[in-house]
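Notes for the one structure printed next.
The values are calculated or read from the model by the stated rules, or taken from the named source; none is laboratory data. Note that the structure is a prediction, hence the values are computed from the model and not measured. Don't worry about glycine lacking a Cβ; one is built from the backbone with ideal geometry, like all the others, and counts go over all protein chains shown. Remember, those area values only see protein heavy atoms, side chains included, never the ligands or the DNA or RNA. Shrake-Rupley method; radii C 1.70, N 1.55, O 1.52, S 1.80 Å.
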Amino acid sequence: MLFNSWQFAVFLPIVFFVYYALNDTYRWIFLLGASYFFYMSWNPKLVVLIAGTTLISYFCAIRVEETPDRRGKKGWMLLGLLTSLAILFFFKYYNFFAESAASILRLFSLPARDLTLNLILPVGISFYTFQTLSYVIDVYRGELRAERHLGYYALYVSFFPQLVAGPIERPGNLIPQLREKTVFSYENVTKGMKIMAWGYFKKMVLASYLSVYVDKIYDHPQDYPGFALVLATIFFSIQIYCDFSGYSDIAIGSAKLFGKDLMLNFKSPYFSGGIKEFWSRWHISLSSWFRDYVYIPLGGNRVSFWRHKLNLMITFMASGLWHGANWTFVIWGGLHGFFQVAESIWNRWFPKNKEKKEFWLVGGIKRTATFLLVSFAWIFFRANTIGDALFVVRNMFRNIRYFIPYLREGYDFLGLTKAKLVGLLIPLALLFVYDYYDRKTDVIDRISSLPAGWRWLIYVVFVSGMICWVAASFGTASQEFIYFQF
């Protein structure tokens, strides 16, 4: 059940009205049932996996808390972690490692059997698995009491707004909210709907529109000239941001309808002045998860200089592998690890004077350079194979010495008419302005505080324009969310 489907347009209002019509005592039961129904709409059989992962982590966490000796606690903790990771590994990574092992054997002219299996990747498995892992680890560390109420814990794992693609919630934030008595709040509902509207704008107007051009070129990069490859790469940078942050906005807004506050997942990432800052603004729930449960346990920055750099590389390559069972994702993660290492070395050699205000032109150059580096790494994230990614890298500036023909040829191959270009630039400008101001203020709250006349004028123009843009691209744009595959 996609967030941008008619099924969800029916599902969400029904769940909303029934939820508030029920006595507070029974709301969690209804919400849990709705969440499982939401998950089962993809494949009913796969509910066994999320239910099994929930039960195992639930009982292991209780045993961790109740076991008196440290060794016993660690044993139960490892059982909970390894069981969840084994399920994730089998469904998401088994074929990847089987194919990689076979390729290595063939490289040395050794016999290799095809051991791959016809497996279905359970939707959202990477997200809900990480939520169960953080829960068991937090209980083991003594940072959280084990939840005795199986229903509330099951709802924490399966809460439908963030079940499929995050944000990856922490138990200390979400479980107490699920236990609290929910009081209907007009402010929460209207704020949630506005956040959702902005998320739908990013997904249905920008991400889906750009996907037409990105898919066209990246599915057959050998058929296109240099500048078309450059444009497709820049388009993908914007597409994946609008697609994933749009999903996160819809998830956060949907949860707010029920009085639940999910963690912020994006904060104007393309206005970052460095790779480290980018990862403090991009997919915040995942980057903070890897920081707390991988990077810091490895020693973080409390180790020797070069060990610290190794910790960064391990963390980012693990993050790349989390995104997908393909070497292209590992390379993407490795590139970001390399960028972070290079940036930390640069900052050590040329420390920034924190008391001196940065000149605006320097800040602009840093943000542009960061965007270009991130966009370069996205080539490996989007390419179907390493060969395709290397082709794009080698050919994206081919014939650039003939600059005007280079631009014209790439533009013509994309098939962008003037009308389509204007239809793209207007929403892009709106996204740019929103993110620029959203760095330091809550844009939605600022708009909500305007006089009624101006406020409703903005709402009407925004919704009307969005309907026109969606109608213009109806039937041609991709409706899938990119992060569903992870």
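To keep it simple, each residue is scored yes or no on (1) surrounded by fewer than 15 Cβ atoms within 10 Å (Cβ to Cβ); (2) of a type outside the set (D, E); (3) closer than 25 Å to I234 by Cβ; (4) more than 30 Å from the chain's Cα centre (by Cα).
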position: I379; (1), (2), (3), (4): no, yes, yes, no
position: Y406; (1), (2), (3), (4): no, yes, yes, yes
position: D412; (1), (2), (3), (4): yes, no, yes, yes
position: G423; (1), (2), (3), (4): no, yes, yes, no
position: D445; (1), (2), (3), (4): yes, no, no, no
position: I458; (1), (2), (3), (4): yes, yes, no, no
position: V461; (1), (2), (3), (4): yes, yes, no, no
position: C468; (1), (2), (3), (4): yes, yes, yes, no
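Which condition number does K418 fail, the rest of (1) open to solvent by 70 Å² or more (accessible area, probe 1.4 Å); (2) in contact (Cβ under 8 Å) with a residue 60 or more places away in the chain being met?
(2)
Being open to solvent by less than 10 Å² (accessible area, probe 1.4 Å), at negative phi and free of Cβ contacts under 8 Å to residues at least 60 places away in the same chain is true for just one of P171, P161, P167. Which residue is that?
P171
Restricting attention to helices (runs of 4 or more DSSP H) lying wholly within region 262-372, give those where 3 or more residues are open to solvent by less than 50 Å² (accessible area, probe 1.4 Å), more than 20 Å from G166 (Cβ to Cβ) and in contact (Cβ under 8 Å) with a residue 60 or more places away in the chain.
327-349
Please specify each residue of region 61-79 satisfying the condition of being of a type outside the set (A, V, I, L, M, F, W, C), assigned to a helix (DSSP H, G or I) and over 13 Å from R141 (Cβ atoms).
Matches in region 61-79: R63, E66, R71, G72, G75.
Taking the condition of being open to solvent by less than 70 Å² (accessible area, probe 1.4 Å), at pLDDT 90 or above, out of contact with any helix residue (DSSP H, G or I) (no Cβ under 8 Å at 6 or more places or on another chain) and within 19 Å of A325 (Cα to Cα), how many residues in region 62-95 meet it?
Of the residues in region 62-95, 1 are open to solvent by less than 70 Å² (accessible area, probe 1.4 Å), at pLDDT 90 or above, out of contact with any helix residue (DSSP H, G or I) (no Cβ under 8 Å at 6 or more places or on another chain) and within 19 Å of A325 (Cα to Cα).
Restricting attention to region 374-430, report how many residues are hydroxyl-bearing (S, T, Y) and assigned to a loop (DSSP other than H, G, I, E, B).
Restricting attention to region 374-430, the residues satisfying the condition of being hydroxyl-bearing (S, T, Y) are 375, 385, 402, 406, 411, 417.
Still in the running and assigned to a loop (DSSP other than H, G, I, E, B): 385, 402, 417.
Of the residues in that region, 3 qualify.
Which one of the conditions (1) open to solvent by 80 Å² or more (accessible area, probe 1.4 Å); (2) part of a helix (DSSP H, G or I); (3) of a type in the set (F, W, Y) does Y58 fail to meet, given that it meets all the rest?
For Y58, the failing item is (1).
If I filter region 96-116 for residues that are in contact with a Gly (Cβ under 7 Å, 6 or more places away or on another chain) and open to solvent by less than 80 Å² (accessible area, probe 1.4 Å), do I get at least one hit? Break it down stepwise before answering.
Looking only at region 96-116, we keep the residues that are in contact with a Gly (Cβ under 7 Å, 6 or more places away or on another chain), and these are none.
Looking for residues that are in contact with a Gly (Cβ under 7 Å, 6 or more places away or on another chain) and open to solvent by less than 80 Å² (accessible area, probe 1.4 Å), one finds none in region 96-116, hence no.
Which condition number does S248 fail, the rest of (1) in contact with a His (Cβ under 9 Å, 6 or more places away or on another chain); (2) farther than 29 Å from M313 by Cα; (3) among the hydroxyl-bearing types (S, T, Y) being met?
Here S248 meets the rest and fails (2).
Could you tell me which residue of region 182-218 is farthest from A228 (Cα to Cα), considering only residues that are of a type in the set (K, R) and surrounded by fewer than 22 Cβ atoms within 10 Å (Cβ to Cβ)?
So the residue we want is K191.
With part of a loop (DSSP other than H, G, I, E, B), under 30 Å from I29 (Cβ atoms) and free of Cβ contacts under 8 Å to residues at least 60 places away in the same chain as the only criterion, which of L144, L121, L117, L110 stands out? I'd like the intermediate steps shown before the answer.
On the way: L121 fails: free of Cβ contacts under 8 Å to residues at least 60 places away in the same chain; L117 fails: under 30 Å from I29 (Cβ atoms); L110 fails: under 30 Å from I29 (Cβ atoms).
That would be L144, the only listed residue that is part of a loop (DSSP other than H, G, I, E, B), under 30 Å from I29 (Cβ atoms) and free of Cβ contacts under 8 Å to residues at least 60 places away in the same chain.
When the residues of region 2-29 are filtered to those that are more than 21 Å from I250 (Cβ to Cβ) and part of a helix (DSSP H, G or I), which remaining residue is least open to solvent (accessible area, probe 1.4 Å)?
Only one residue fits best here, namely R27.
Filter region 144-195 down to residues that are among the hydrophobic types (A, V, I, L, M, F, W, C), under 19 Å from the mean Cα position of the chain (by Cα) and within 22 Å of S288 (Cα to Cα), then give me how many there are.
8
On the basis of being hydroxyl-bearing (S, T, Y) and touching a residue at least 60 places away in the same chain (Cβ under 8 Å), does S134 make the cut?
Numbers: hydroxyl-bearing (S, T, Y): yes; touching a residue at least 60 places away in the same chain (Cβ under 8 Å): yes.
For S134, the condition - hydroxyl-bearing (S, T, Y) and touching a residue at least 60 places away in the same chain (Cβ under 8 Å) - is met.
Please go through region 100-133 and pick out each residue that is polar (S, T, N, Q) and over 30 Å from E480 (Cβ atoms).
Hit for region 100-133 is S109, nothing else.
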